[in-house]
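Structure first, then comments.
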Amino acid sequence: MRKNVTVGLLVASVGLTALLSIANIQSVTVNYLFGTFKLPLILLILLSVGLGMFIQFLLGFFKNMSLRQEIKKLKEEQVKVKDTLTEKEVTAK
């Protein structure tokens, strides 16, 4: 179910981006710190969306990595606690 919602949102966002891009074909001047350049607005929109998706991917990737490390550490701790409890049960009998 969650995968279907994710795919639906992805399709909707791609469709909305495509509609906005097609409706904005005129050329624009982009000013940045070191100069300016002209670019069709459709490319600017697509570059902005692509850059946003890339940044979101990186953030999700690093968050996922840290969560996996935490899970691994907690599993190791769980094994140690189980071993300690097993040893205490054996010595108590």
Scan region 38-51 and report the pairs whose first residue is closer than 13 Å to L20 by Cα and whose second residue is small (G, A, S) and surrounded by 14 or more Cβ atoms within 10 Å (Cβ to Cβ), with Cβ atoms within less than 9 Å and a gap of 6+ or a chain change. L41/S21; I42/S21; L43/S21; I45/S21; L46/S21; V49/S21
Consider L43 carefully, then state whether it is part of a helix (DSSP H, G or I) and either of a type outside the set (A, V, I, L, M, F, W, C) or surrounded by 11 or more Cβ atoms within 10 Å (Cβ to Cβ) (or both). yes
Hey, does region 7-28 have a residue that's among the hydroxyl-bearing types (S, T, Y), at pLDDT 90 or above and under 17 Å from the mean Cα position of the chain (by Cα)? no
Looking for whichever is of a type in the set (K, R) and not in a helix (DSSP H, G or I) here; the options are K82, K38, K72. Which one fits? K38
Does L33 qualify as being surrounded by 10 or more Cβ atoms within 10 Å (Cβ to Cβ), out of contact with any Phe, Trp or Tyr (no Cβ under 9 Å at 6 or more places or on another chain) and among the hydrophobic types (A, V, I, L, M, F, W, C)? no
Before we move on, is K38 basic (K, R) and modelled with pLDDT under 90? no
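The values are calculated or read from the model by the stated rules, or taken from the named source; none is laboratory data. None of the values given here were measured: they were computed from a predicted structure. Here the Cβ is made from the backbone with ideal geometry for all residues, glycine too, and neighbour counts use every protein chain on show.
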